[in-house]
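The values are calculated or read from the model by the stated rules, or taken from the named source; none is laboratory data. Everything numeric in this text was worked out from a predicted model, so none of it was measured. No Cβ is skipped: glycine too gets one built from the backbone with ideal geometry, and neighbour counts run over all protein chains shown. Please note that ligands, DNA and RNA were not included when accessible areas were found on the heavy atoms of the full protein model with its side chains. Shrake-Rupley method; radii C 1.70, N 1.55, O 1.52, S 1.80 Å.
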Amino acid sequence: MAIPSIAAVRKSLIARPGKPFALNERPTADRELFPNKEEAETSLKKDAACINEMKDMLYAEGRRALLVVLQGMDTAGKSGTIKSVFADTTPLGMEVKAFKAPSGEELARDYLWRVHNAVPRRGHVGIFDRSHYEDVLVAKVRGFAPPEAIEQRYDQINAFEKHLTENGYTIVKCMLNIGYAEQGIRLKERLMEPHKLWKFNPGDLDDRSLWPQFMGAYETAVSRCSTRHAPWYVIPADSRTRRNAMIARLVRGALEDMDLKWKDPGHDPGSYDI
């Protein structure tokens, strides 16, 4: 089977703006796009190389930016996705921001302040490991904000993302949809494998105990905030290799849609005698 086209990946994974969305109808272990794991690995390697070249073109142009949002439950593979999809990408023009619990400085401002502060510069690819959606996920499930404030935030987030897209930003939002059973396996791996133990946080088990509430919060966030200017893609995340290959296809597609060209230097290279 051939590597699926970018259009096919988008069609399969998108949460269609304005259409009904049910998270429990989305598989966490889908092999339809990449039945063969080796083909997924091949696709990932090809896309990673293309992403690096186009990232350099974006940096040279210096007028637009790409923001990749990775959101998912603990162990869904946000950091693993970054490591694999951008494996060939040189640091120049790259920005990665991991959002943790807000600091006192951040809590003293509106919830989007720290997010807007982390938006990549023009010419850069920015990656959010978690994001502003924490403020309608954790904040909702844990009751860190009143229900009326959470309700307002969906429209505020949509307006914020629309503002970015109207100012030269392309946004790729990926929900890494891991299954409950697979998360349990990965949490046990963190406890048993020394090189993963540092990742384990007892608080992860608290979130796991609230799985139905988190799934409800994710369903609402995806449904309310999948827009024409910044749609959500729901990625089956039980298979690491396939997850990475799907997201690489989406990132490559976003860069290709920019129709990037190497910047005109503004002078004739042939006029120099070196």
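In the chain, what percent of the accessible surface is made up of carbon and sulfur (1.4 Å probe, ligands and nucleic acids excluded)? Walk me through the intermediate numbers first.
Values: 7240 of 13840 Å².
On the chain, the fraction of accessible area on carbon and sulfur atoms equals 52 percent.
Per-residue accessible area for residue 21 at 1.4 Å probe radius, Å² rounded to 10?
My reading of the accessible area for residue 21 is about 30 Å².
How big is segment 95-167 in terms of Cα radius of gyration and Dmax, in angstroms?
12.6, 38
Let a ≥ b ≥ c be the square roots of the eigenvalues of the Cα gyration tensor of segment 1-123; is it rounded (a/c under 1.5), or, if not, prolate (a/b larger than b/c) or oblate? Show your work: numbers first, answer last.
Details: a/c = 1.92, a/b = 1.25, b/c = 1.53.
Verdict is oblate for segment 1-123.
Enumerate the lysines that residue 162 could reach by cross-link, defined here as Cα to Cα under 21 Å, with residues fewer than 8 away along the same chain left out.
The qualifying lysines are 19, 97, 173.
How big is the charge dipole of the chain about its Cα centre, in debye rounded to the nearest 20, if each Lys and Arg gets +1 on its Cβ and each Asp and Glu gets -1 on its Cβ? The partial results should precede the final answer.
Details: 41 positive and 38 negative charges, 75 e Å.
Charge dipole of the chain: 360 debye, to the nearest 20.
How much length, in nm to one decimal, is gained on full extension between residue 31 and residue 105, taken as 0.36 nm per residue of separation minus their Cα-Cα distance? Could the numbers behind the result be given before it?
Values: separation 74, 0.36 × 74 = 26.64 nm, distance 4.41 nm.
The span from residue 31 to residue 105 would gain 22.2 nm if fully extended.
Tell me the relative contact order for segment 8-260 as a rounded percent, counting alpha carbon contacts under 8 Å between residues six or more apart. Write down the numbers at each step before the final one.
On the way: 379 pairs, mean separation 94.2, N = 253.
Computed over segment 8-260, the figure is 37 percent.
How many angstrom separate the Cα center of segment 1-44 from the Cα center of segment 71-126?
24 Å
Roughly how tilted is helix 240-257, in degrees to the nearest 10 and between 0 and 90, from the longest Cα axis of the chain?
Helix 240-257 sits at roughly 50 degrees to that axis.
Over the Cα atoms of segment 1-71, what is the Rg over Rh ratio if Rh follows Kirkwood? Don't skip to the answer; put the middle values down first.
Details: Rg = 15.5 Å, Rh = 14.9 Å.
In segment 1-71, Rg relative to Rh is 1.03.
Packing-wise, with mean Cβ within 10 Å as the measure, how do 51-59, 63-71 rank, highest first? Present the calculation step by step, with values, prior to reporting the outcome.
Working: 51-59: 19.0, 63-71: 21.6.
Put in order of decreasing packing, that is 63-71, 51-59.
Going by a ≥ b ≥ c, the root eigenvalues of the Cα gyration tensor, does segment 84-217 fall in the rounded group (a/c under 1.5), the prolate group (a/b larger than b/c) or the oblate group? Walk me through the intermediate numbers first.
On the way: a/c = 1.90, a/b = 1.17, b/c = 1.62.
Oblate, because a/c is 1.5 or more while a/b does not exceed b/c.
With θ set to phi - 60°, apply the Karplus curve 6.51 cos²θ - 1.76 cosθ + 1.60 along segment 85-97 and write out the HN-Hα couplings as whole Hz, x wherever there is a Gly or Pro.
5, 10, 4, 9, 8, 6, x, 4, x, 10, 9, 10, 10
Could you work out how far helix 37-61 tilts from the main Cα principal axis of the chain, as a 0 to 90 degree angle to the nearest 10?
Helix 37-61 sits roughly 60 degrees off the main axis of the chain.
Roughly how compact is the chain, stated as its Cα Rg over 2.2 N^0.38 Å to two decimals?
On the way: Rg = 19.3 Å, N = 274, 2.2 N^0.38 = 18.6 Å.
Ratio of Rg to 2.2 N^0.38 Å for the chain: 1.04.
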